[in-house]
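Chemist: Can you read through this structure? Questions will come right after.
The values are calculated or read from the model by the stated rules, or taken from the named source; none is laboratory data. All values reported here derive from a predicted model rather than from experimental measurement. Positions of Cβ are backbone-derived with ideal geometry, glycine not excepted, and every protein chain shown enters the neighbour counts. The accessibility values were calculated without ligands, DNA or RNA, using every heavy atom of the protein model including side chains. Shrake-Rupley method; radii C 1.70, N 1.55, O 1.52, S 1.80 Å.
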Amino acid sequence: MRLYTAVAVSGFKRYATYRVATVAGVFTNTIFGFILAYTYTALWDERPHLGGYDLAQALTFVWLGQALLAAVALMGGGFQEELQDRIRSGDIAVDLYRPVDLQLWWLATELGRALFQLLGRGVVPMAIGALVFELRLPASPLTWLWFLLSVVLAVCVGFAVRYLVSLASFWLLDGTGLSMLSGLLCLFFSGMILPLNVFPGRLGEIARALPWAAMLQVPADVFLEERRGPGLLGAFAFQVGWAVALLAAGRALQSAATRKVVVQGG
């Protein structure tokens, strides 16, 4: 575990060097937060308590989305492009010879990156949103702890999804299209565009059962204290279940790829 902790720390320090990019990211997240907040305000004025949220909860959902956008990599990014490039170039062969677990190595890197993005790009937009709008912030310190745990699980689920997409590069000449499709699905089914509670009927049931719901909708509901008692345990079970299933699928696909596929360029 000491090795993977060091890898996570290295991932944190690596992204901490991109100061200009971080400032630009904070600015972008804040601007989009204002755009979405005023859009939600107009929508909730017409449809109060839409999806079971009041206006304060809806606005809180907006700023939580901006706070978690980079940390959970809801639009892709992080390790994904680097891993795909290493597969295309053949450098992945070097990684496979290392005396470490490939999946755990990249997961540790991703956790370090996510921690920096949460602190570097998440806190400021959320604080600005709380100053300008009336948000529904947790009153109990315990809720903040459960929220952070839910965010960690969200990062793991997001990593597992993007790891599967990245491994497709073993078979595809270019995984860009699949990555873009994965990003679009994540934006829609995570709740980034609209809370999944708003989705009607069967579409809403399906959306809330998919793994992308574990990346934003579930942490947001934990933060808004919509999940309490058995509901909170159910939320964590949902996230853990998808994380375990997707990580297991990634390990199986990795095994198949490294056993039967010749790395492109190497």
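Chemist: I need the peptides 1-13, 223-235 ranked by packing, meaning the mean over residues of other C-beta atoms within 10 angstrom, with the highest value on top. Before the final figure, lay out each step's value.
Modeler: On the way: 1-13: 14.3, 223-235: 16.1.
Ranked from most to least packed, the peptides come out as 223-235, 1-13.
Chemist: What distance in nm separates the two pseudo spin-label positions at residue 256 and residue 35, each 7 Å out from Cα along the beta-carbon direction?
Modeler: That separation, rounded to one decimal, is 3.9 nm.
Chemist: Then there's this: Under unit Cβ charges (Lys, Arg +1; Asp, Glu -1), what dipole magnitude, rounded to 20 debye, does region 1-126 have relative to its Cα centre?
Modeler: Details: 10 positive and 10 negative charges, 91 e Å.
Roughly 440 debye, rounded to the nearest 20.
Chemist: Right, something else. When semi-axes √(5λ) of the Cα gyration tensor in Å is calculated directly from the model, which label among (1) 39, 19, 16; (2) 33, 20, 18; (3) 46, 20, 17 fits?
Modeler: Only one option fits the structure, namely (2).
Chemist: Using only helices, what value at 222 nm comes out for the chain when you add -39,500 (n - 2.57) per DSSP H run of length 4 or more and divide by the total residues, to the nearest 500 deg cm²/dmol? Working shown, then result.
Modeler: Working: 12 runs with 190 residues, N = 266.
Result for the chain: -23500 deg cm²/dmol, rounded to the nearest 500.
Chemist: Would you kindly state how much longer the chain becomes between residue 209 and residue 105 on full extension, computed as 0.36 nm times their sequence separation minus their alpha carbon distance, in nm to one decimal?
Modeler: Values: separation 104, 0.36 × 104 = 37.44 nm, distance 2.86 nm.
Gain on extension, residue 209 to residue 105, equals 34.6 nm.
Chemist: Now, a different point. What angle, in degrees between 0 and 90 and rounded to the nearest 10, separates the Cα long axis of helix 55-69 from the longest principal axis of the Cα atoms of the chain?
Modeler: Here the helix axis deviates by roughly 20 degrees.
Chemist: Of 216, 191, 166, which is farthest towards the positive pole of region 148-266's charge dipole, taken about the Cα centre with +1 and -1 on the beta-carbons of Lys, Arg and Asp, Glu respectively?
Modeler: Final value for the positive-end residue is 166.
Chemist: Please report, in debye to the nearest 20, how large the charge dipole of region 137-266 is about its Cα centre when each Lys and Arg carries +1 at its beta carbon and each Asp and Glu carries -1 there. Let's see the in-between values first.
Modeler: Details: 8 positive and 5 negative charges, 75 e Å.
Roughly 360 debye for region 137-266.
Chemist: Relative to the longest principal axis of the C-alpha atoms of the chain, give the angle of the C-alpha long axis of helix 141-167, reported between 0 and 90° and rounded to the nearest 10°.
Modeler: Approximately 40 degrees, to the nearest 10.
Chemist: Taking only protein heavy atoms into account and a 1.4 Å probe, give the accessible area per residue of the chain in Å².
Modeler: I get 48 Å² per residue for this part.
Chemist: By how many degrees, between 0 and 90 and to the nearest 10, does the Cα long axis of helix 230-260 differ from the longest principal axis of the chain?
Modeler: Taking the Cα atoms of the chain, the angle to 230-260 is about 20 degrees.
Chemist: Which percent of the accessible area of region 73-165 is formed by carbon and sulfur heavy atoms (probe 1.4 angstrom)?
Modeler: Working: 2850 of 4140 Å².
Answer for region 73-165 is 69 percent, counting heavy atoms of protein chains only.
Chemist: Where does the charge balance sit around residue 13 when Lys and Arg score +1, Asp and Glu -1, over other residues with C-beta under 13 Å from its C-beta?
Modeler: Details: positive: 14, 19, 113; negative: none.
Taking every other residue near residue 13 into account, the sum is +3.
Chemist: Now for a separate question. To the nearest 0.05, how large is the calculated FRET efficiency for residue 134 and residue 21 if R₀ is 25 Å and r is the Cβ-Cβ distance? All intermediate terms of the calculation are to be shown ahead of the outcome.
Modeler: Numbers: r = 31 Å, r/R0 = 1.25.
Rounded to the nearest 0.05, the efficiency is 0.20.
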